[in-house]
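Data first, discussion second: the structure below is written as structure tokens.
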Amino acid sequence: MKETVLDVLVYLFENYFHGAPDTVHDRDSLQSELMDAGFDPNQIGKAFDWLLDLQNERAVPAPAPAKGPIRVFAQEEQDRLDPQCLGFLMRLEAFGVLDSESRERVLERAWALEQSQIELQDLKWVVLLVLFNEPGREAEFAWMETQVFGDHLRTN
């Protein structure tokens with residue numbers, strides 16, 4: 001059986017969200033298909049809640065703010081995100097892929113995965129899903145997609 005909420009989210013993205021879907025799926029049919037694929041019903045429910053929370057937090061596009069203060073990560077955040085993850089977040093912000101609001105949304109969604117340690121590949125998926133749900137961020141999403149699927153192809 002597949003283990004985590006992120007496993008469910010990745011499966012949904014790869015099989016239903018990415019590209020042009022050929023059919024519309026309701027929650028019940030998706031849940032049934034996910035259980036048939038071997039996912040735990042509890043993790044499926046948490047994944048749907050995660051997506052609903054992300055959708056409810058969707059930001060309206062705003063002009064990019066001028067350079068602002070630097071984000072200092074609390075010790076708890078440093079404990080859950082290794083230095084690679086922290087550096088990656090800072091690079092995404094420096095490159096304009098994330099702004100301060102989307103960075104905070106990424107962190108909030110990463111915590112909602114309820115994992116004690118967030119690995120870089122997990123964080124990349126969270127960033128991708130957040131950008132996918134932000135209108136006006138298509139270019140950033142496309143760039144991030146190459147980061148995620150480029151890594152994904154190299155590991156398979």
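Throughout, read-outs are computed from the coordinates displayed, never taken from laboratory work. Just so it is clear, the structure is predicted and the values come from calculations on it, not from any experiment. Cβ atoms come from the backbone with ideal geometry, glycine included; neighbour counts cover every protein chain shown.
Residues whose amide H falls under 5 Å from that of residue 98, counting only those 5 or more places apart or on a different chain, are 93, with hydrogens built in the peptide plane. Ordering 85, 146, 128 by the projection of their Cα atoms onto the charge dipole of segment 68-156, which places +1 on the Cβ of Lys and Arg and -1 on the Cβ of Asp and Glu, puts 146 at the extreme positive end. Couplings 3J(HN,Hα) of segment 143-148, computed from phi: 5, 5, 4, 5, 5, 6 Hz, in residue order, whole Hz [Karplus 6.51 cos²θ - 1.76 cosθ + 1.60, θ = phi - 60°; x for Gly and Pro]. Oblate is the label for segment 68-156. Its Cα gyration tensor axes, ordered a ≥ b ≥ c, give a/c of at least 1.5 and b/c at or above a/b. Per-residue Karplus couplings for segment 3-9, computed as 6.51 cos²θ - 1.76 cosθ + 1.60 with θ equal to phi - 60°, are listed in order as 9, 10, 4, 4, 4, 5, 4 Hz, Gly and Pro entered as x. Sequentially through segment 85-102, phi angles give Karplus couplings (6.51, -1.76, 1.60; θ = phi - 60°) of 5, 4, x, 5, 4, 5, 5, 4, 6, 5, 7, x, 6, 10, 9, 4, 5, 5 Hz, Gly and Pro residues having no value and appearing as x. Restricting the chymotrypsin sites (Phe, Trp or Tyr not before Pro) of segment 84-130 to loop positions (DSSP other than H, G, I, E, B) with no more than 15 neighbouring Cβ atoms within 10 Å leaves 95. Compared with the direct C-alpha span, the chain from residue 138 to residue 82 gains 17.4 nm at full extension, assuming 0.36 nm per residue.
At full extension, residue 33 and residue 147 could sit 38.3 nm farther apart than now, given 0.36 nm per residue minus the alpha carbon distance.
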